[in-house]
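Notes follow the structure.
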Amino acid sequence: MNWDFIAEYLPMYERAAILTVKLGVIGIVFAILVGLICAMIQYHKIPVARQIVAVYIELSRNTPLLVQLFFIYYGLPKLGANLSPEVCGIIGLAFLGGSYMAESFRSGLETIAPIQRESALSLGMTNRQAMQYIILPQAVSMSVPAFVANVIFLLKETSVFSAISLMDLMFTAKDLIGLYYKTIESLFLLVVFYLIILLPVSILGSLLERRMRHAGFGS
Amino acid sequence: MKNLKKFLALSLAVVLTAGVTACGSSSDNGSQKSGKEVYRTLDEIKEDGTINIGVFSDKNPFGYVDENGDYQGYDVYFAERLAKDMGVKVNYVSTEAANRIEYLQTGKVDVILANFTVTEERAEEVDFADPYMNVSLGVVSKEDNEITTLDDWNKDDSVIVISGTTAETYLTKNYPDIPLQKFDSYATAKEAFENGTSVAWANDNTEVLAFALQNADKGYVVGIPELGSSDSIAPAVTKGNDTLRDWINEEIKTLGEEQFFHADYEATLADTYGLDYEDSLVVEGGKKSE
């Protein structure tokens, strides 16, 4: 292990890590928004929109992120939409993550027995109040484990961004191997940096899961 | 629950044992041939009957896959002959620029014939045989925004390079201020360049020339045909695999007598370059004419 090499290229990895986290976080925020909207549409069984969401979810969950990115980055310019690699990465992550988030929120919503909604309505609550005070708080707590798993999954998926020339962690490692042939050092730094990013997320996630477990009703 | 735990513990034990034995047996194999070399000697390849050759799959006309799914090109033409004279079958392994050295160091291929430019840095990691082609760097750009020099670079513009190529190393070293847009394969770099991602694409001059000629109708031009020093392209083997390298050198020398690489050029490259570049590109018998 050549420690001088590691010290010299540490800043490069730091920049790459910041890019990875930045794109990851923005992408995940959009994924959550898309997921919430889709889950709500499915839960309320809104006609037409519901079918569109179903098609979207199947399309997005059954194609690899790499293929989606290739389509967005190399395909869309042929149709006249030339987007920067960063924007493509975020769109790709939101497109993929949206469906996973939607599924986790939907399964959370479905665990809440209909009797709770009916009870709330019979107590004189409006539909919105029942959603806001009774169903959503429980549904959110039920979907936390799946949600945390999705966040970690999406952060790891950012490693395919290298295919659209984004200098993320994966690309930096591959590039350094190609330039200086220091395979062990480059891969070592790669693993360390992914751990630095993902371990806190995973630890925070399990803490959150443990706290949220108290929020369920009758379980 | 208890049963489940027992089952899990048992399966873990089985997996671990299997893993350890597997590792053990593979290192046994290694020790039989003095030390822990990853490469296969000439005799081992002949005995096995198949040679693994790393080539490009997306670098027309040097190494590419044609519409029938067969490997074709200048490098492949040579690879076919190499295997034929060795009396073995070829197994082509598709490589990308950045992992050519890795493939040799991990023994995934026996020879790299992927338009591999000889450089001092690379020679420390792998062993090169004698050269079979000349090359230098070139820069291709759009006709209406032709790039003829890399000096006084406008920092808003980027240059496309492929990760792990000599173009990347050269620009990183000599023009650190030029923003590089890096791709990991020829196919993606080409696609991005055609989409107008960057103003220029730096690569082996053979490759950018081929690109400009193949896309002449779209208005590409090689504004810088020669950048940096003139280099050679040679087969590479894993460091220390002398039996194989010596055999390849001998083969290249023999092939020189029949002007094999001229025939190779005419069969694979003439369609793209015409015959004008034949004598400047081809190296015959492993000896460069100065």
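The values are calculated or read from the model by the stated rules, or taken from the named source; none is laboratory data. Fair warning: this is a prediction, and the values are worked out from it, not measured in the lab. Cβ atoms come from the backbone with ideal geometry, glycine included; neighbour counts cover every protein chain shown. For accessibility, only protein heavy atoms count, side chains too; no ligands or nucleic acids. Shrake-Rupley method; radii C 1.70, N 1.55, O 1.52, S 1.80 Å.
Looking only at region B:117-139, filter to residues that are assigned to a helix (DSSP H, G or I) and of a type in the set (Asp, Glu); which one of those is surrounded by the most Cβ atoms within 10 Å (Cβ to Cβ)?
B:Glu121
Residues that are among the acidic types (Asp, Glu) and either part of a strand (DSSP E or B) or buried (at least 17 other Cβ atoms within 10 Å of the Cβ) (or both) do occur in region B:95-109, at least one of them. The number of residues in region B:173-189 that are in contact (Cβ under 8 Å) with a residue 24 or more places away in the chain and either more than 8 Å from chain A (Cβ to nearest Cβ) or among the aliphatic types (A, V, I, L, M) (or both) comes to 9.
Taking the numbered list (1) open to solvent by 60 Å² or more (accessible area, probe 1.4 Å); (2) part of a helix (DSSP H, G or I) in turn, A:Asn82 passes all entries but (2).
If you filter region A:161-174 down to residues that are in a helix (DSSP H, G or I) and in contact with an Asp or Glu (Cβ under 9 Å, 6 or more places away or on another chain), you find that the one that is nearest to B:Thr188 (Cα to Cα) is A:Ala163. Confirm whether A:Leu121 is in contact (Cβ under 8 Å) with a residue 40 or more places away in the chain and farther than 30 Å from B:Thr172 by Cα. Answer is no for this residue.
Quick check on my filter: what residues within region A:153-183 are open to solvent by 10 Å² or more (accessible area, probe 1.4 Å), under 14 Å from B:Lys182 (Cβ atoms) and more than 9 Å from chain B (Cβ to nearest Cβ)? Within region A:153-183, A:Met170 is the sole residue that qualifies. Can A:Ile196 be described as under 19 Å from A:Arg15 (Cβ atoms), in contact with a helix residue (DSSP H, G or I) (Cβ under 9 Å, 6 or more places away or on another chain), free of Cβ contacts under 8 Å to residues at least 40 places away in the same chain and open to solvent by 10 Å² or more (accessible area, probe 1.4 Å)? No: the conditions fail for A:Ile196.
Quick one: which of A:Leu187, A:Leu198 is under 23 Å from A:Leu66 (Cα atoms), within 14 Å of chain B (Cβ to nearest Cβ), in a helix (DSSP H, G or I) and not charged (D, E, K, R)? After ruling out the rest, the residue left standing is A:Leu187. For first residues located in region B:147-164 and over 20 Å from B:Glu194 (Cα atoms) and within 13 Å of chain A (Cβ to nearest Cβ), partners that are open to solvent by 10 Å² or more (accessible area, probe 1.4 Å) and outside any strand (DSSP E or B) and lie 6+ apart or on another chain with Cβ distances below 7 Å form the pairs B:Gly164/B:Ala98. Could you tell me how many of the residues in region B:41-80 are in contact with an Asp or Glu (Cβ under 8 Å, 6 or more places away or on another chain), open to solvent by 50 Å² or more (accessible area, probe 1.4 Å) and over 21 Å from B:Thr188 (Cα atoms)? So the count comes out to 1. In the set (1) more than 18 Å from the chain's Cα centre (by Cα); (2) within 12 Å of another protein chain (Cβ to nearest Cβ), the condition left unmet by A:Val192 is number (2). Checking region A:89-98 against the condition returns no match, with no residue being assigned to a helix (DSSP H, G or I), over 18 Å from A:Ala39 (Cα atoms) and without any contact (Cβ under 8 Å) to a residue 12 or more places away in the chain.
The rows are residues; the columns are (1) closer than 27 Å to B:Gly256 by Cβ; (2) aliphatic (A, V, I, L, M); (3) in contact with a helix residue (DSSP H, G or I) (Cβ under 8 Å, 6 or more places away or on another chain); (4) within 14 Å of chain A (Cβ to nearest Cβ).
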site: B:Arg100; (1), (2), (3), (4): yes, no, no, yes
site: B:Leu104; (1), (2), (3), (4): yes, yes, no, yes
site: B:Gly107; (1), (2), (3), (4): no, no, no, yes
site: B:Asp110; (1), (2), (3), (4): yes, no, yes, no
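Taken together, the criteria place B:Ile178 among residues that are hydrophobic (A, V, I, L, M, F, W, C), open to solvent by less than 50 Å² (accessible area, probe 1.4 Å), farther than 18 Å from B:Thr117 by Cβ and not in a helix (DSSP H, G or I). Residues that are out of contact with any Asp or Glu (no Cβ under 8 Å at 6 or more places or on another chain) and not assigned by TED's automatic domain parsing to the domain that holds B:Lys46 number at least 2 in the following strands (runs of 3 or more DSSP E) confined to region B:190-254: B:200-204, B:220-233. With respect to the stated conditions, B:Val221 fails to be of a type in the set (A, V, I, L, M), buried (at least 20 other Cβ atoms within 10 Å of the Cβ) and either more than 22 Å from A:Phe70 (Cα to Cα) or touching a helix residue (DSSP H, G or I) at 6+ places or on another chain (Cβ under 9 Å) (or both).
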